[in-house]
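Some notes on the structure that comes next.
Computed from the coordinates by the stated procedures, all read-outs in this text should not be read as laboratory data. Quantities reported herein were computed from a predicted structural model and do not represent experimental measurements. Here Cβ is always computed from backbone atoms with ideal geometry, including for glycine, and neighbour counts include all displayed protein chains.
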Amino acid sequence: MYLLFEEAGKFAAGRILSEAEASAQVELNSGKRLKVKSANQILRFAQPQPSALLASAAEQAAQVELPLAWEFAPEAEFSFAELAADYYGGTPGIEQQTAMLLALHGAPHYFRRAGKGRFKKASADIVAQALAAIEKKQRISAQIAAWADELAHGQCPAPIREQLYKILFKPDKNAPEYKAVVDASRARRLAPLALLQRAGAIASPYQFHWQRFLFDHFPGGTGFPALPAAPEIADDDLPLAEVQAFSIDDSQTTEIDDALSLQGLGGDTVRLGIHIAAPGLAISPGDAFDRVARARLSTVYMPGYKITMLPAAVVERYTLCEGRAAPALSLYVTLDAATFEIKATETRLERVPIAVNLRHDQLDDCVTEDWLAGAGATPVNADNKSWEAASNLRDELSFLWRLAQHLKARREVVRGKPETFNRPDYNFRLIRDASQEGQVPAGGEQVVITERRRGAPLDLIVAEAMIVANSVWGGWLASFGVPAIYRSQSSLAPGIKVRMGVKALPHAGIGVPSYAWSTSPLRRYVDLVNQWQLIAAARHGATAALAAPFKPKDGQLLAIISAFDAAYTAYNTHQAGMERFWTLQYLRQHGITELTATLLREQPDGAGNAWLARADTLPLVLPVLGTQGFASALTRGARVKIRLGEIDDIALDVRGTLLAVLGDTAAETEDDAGDEDAAAGPIAIALDVTEGEAPQNADPADNLPVPG
């Protein structure tokens, strides 16, 4: 005797070996033995063989006309045997009964289960809805198959092109567009990105990177919402400073946050003024402008373009532009003219006359150490206007240069070792028509890459002044018990990173007792937050903690730190990626196939077959292969000649092959540590088919080679 039974939602049949009151032991054709409870036993039969019964019943079940069976079925509950009798007529055989059981079980949209072998037919409305859903699913399946076929034949359907970045980076795995790409990738045995490239989904490598960044961080676009006019700061509210200040920025900088002034040159004491744009006097926490700034958290920089934290009209209202007296938060530092000892500091809210905006990219070759020492002549390539302005400030710049060197040396004592930065920074400039200025680059522009020496006089002057302001103000706020956002680093030991927090802790990398970013409020939200706290301190002194917008243990500060850290990291990653993109274009545009480089470290495989290297004259880190025959000569810092391979603009990848080891070794600098992560790897794709412009003085202190 044989038994038809249900096991884990499926039907099986086998020979009965023994029976008990509530179960039976059954042997399947495979020899496997099962204990089947009475509740799961459906039919007992003597003929045919179990395997033949199931095969024949499955074939007949596929021929059952379900709409007709639904019409025959009674309104009340019924057994499969009862419906088989109505459907087939007479007394149905075991095969017909089993066929009806399989058909009913496989059609839940027509019949719902009501017990062992019993069913109840669904209402007409439910059947109609279910059939519509089945038809829709079939249409979607057909559409997926059609799209997959198009992709496999090198064409990209419009719906997939529109969903490109979502499919690649944040896919909805139930979406038909995603499933079509997966199916086509499996069929063609290609990675999704390669498949989509071949299908023409990616028209422009530059647009691929740009649109991906927007998809991740600006899904609604980069435009600003409708805002009221930028608030005015009445002249009568602030005294006019008795100084003539000047700023030092790049020519492309519009968000001029900081300026400097000197009083008392030639006397025993000199008063250094560090003047910071004061949008915090007009923008208030929680207002429309604050909401915009807090949503963006920072200006985003990239070669040829930037996304500002604040609208242009707001920036224009508060930037320290030459020819006007701008509202500013000023730190005055009284110094001994001979020893540079700081005798006193004072913070004031005032209007500061800005005499001139110096541009260091126009002056770095002119304002040299020799010229500041009084030995340099007028360079032949000096821009008349810029050079005239710098020449008129020669005494001030010379004093500030000596002061910057003194401050740097004093910080190095605290750090315990000197800051060494022999490598240059690089400036990127895209050549395009004036009508294209302010527009997103197309990706095919000619790119010019120039070196900017780290620690150049103008750069160091501003950097050291900003370090003074951020350090002094950080300690000043702490003395009043006013919370602020600080950057700190407990030591220079390997692995100790710079962290952001609300406590005034030492920053070992810079060599100061506390460091609160406060000097870039037009382009960094943390600085704007700290400026609100500083304004409260300037106005209320010892009672500032009661008047400051952010109180001690305010959870908002921690939320701002978390959001800012994530956004700032993402923006810097995008900037680095775009600089790498344009560096690769530079190689292509200039036909560069070979270059010299410095080895950084052996690749992780440890076999000595590949190294990571940094190009000597370009901002490029790349893997170098073919090193087997040079193993004995390869060490960190060794200079090599390499041949460049094919450039991949999507993966931002280029690889080199070692041609020769040069005789000299490059000096190692402390900022080499970060280069190990500078080589671009493959683009991170979320799709899985493996089944069966440098920031122009954003904070000049950040240009120093300190970790973090």
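Label separation (E594 vs A344): 6.6 nm, computed from points 7 Å beyond Cα along the C-beta direction. Candidate values (1) 57; (2) 61; (3) 65 were compared with percent of Cα pairs over 32 Å apart computed on the shown model; the agreeing label is (3).
The trypsin sites (Lys or Arg not before Pro) of the stretch 119-198 that DSSP puts in a loop, and whose beta carbon has at most 11 other beta carbons within 10 Å, are K173, R189.
Each residue, R601 and D236, gets one label point 7 Å from its Cα in the Cβ direction; the gap between the two is 6.3 nm.
If R0 is 22 Å, the Cβ-Cβ spacing of A58 and A22 corresponds to a FRET efficiency of close to 0.15.
Can you tell me how much longer the chain between A566 and R189 gets when fully stretched, taken as 0.36 nm per residue apart minus their C-alpha distance, in nm with one decimal? The partial results should precede the final answer.
Numbers: separation 377, 0.36 × 377 = 135.72 nm, distance 3.59 nm.
That pair, A566 and R189, stretches by 132.1 nm at full extension.
Could you tell me the calculated FRET efficiency between S204 and E388, based on Cβ-Cβ distance and R0 = 45 angstrom, to the nearest 0.05? Let's see the in-between values first.
Values: r = 43 Å, r/R0 = 0.96.
Once rounded, the FRET efficiency stands at 0.55.
For the stretch 487-551, the set of trypsin sites (Lys or Arg not before Pro) satisfying both a DSSP loop assignment and a count of at most 12 other C-beta atoms within 10 Å is given as K497, K503. Which one, I202, P171, F340, projects farthest toward the positive side of the charge dipole computed for the chain from Cβ point charges (K/R +1, D/E -1)? Going by the Cα projections, it comes out as P171. What's the center-to-center distance, using Cα atoms, between the stretch 608-632 and the stretch 52-94 in Å? When both Cα centres are located, 74 Å separates them.
How charged is the neighbourhood of D653? Take every other residue with its Cβ under 11 Å from the Cβ of D653, and add Lys/Arg as +1 and Asp/Glu as -1.
Numbers: positive: R580, R655; negative: E646, D648, D649.
Here the count lands on -1.
Taking each of K137/K179; K343/K551; K10/K116; K306/K417; K137/K173 in turn, the alpha-carbon distance tops 24 angstrom for K343/K551; K306/K417.
A dipole drawn for the chain from +1 and -1 charges on Cβ atoms has a positive end, and of G31, L599, S284 the residue lying farthest that way is G31.
Using a Förster distance of 30 angstrom, determine the FRET efficiency expected from the C-beta separation of Q143 and A76, and round it to 0.05. Don't skip to the end; give the middle numbers.
Working: r = 41 Å, r/R0 = 1.36.
Once the sixth-power term is evaluated, E becomes 0.15.
The stretch 453-478 and the stretch 500-575 have their alpha-carbon centroids 16 Å apart.
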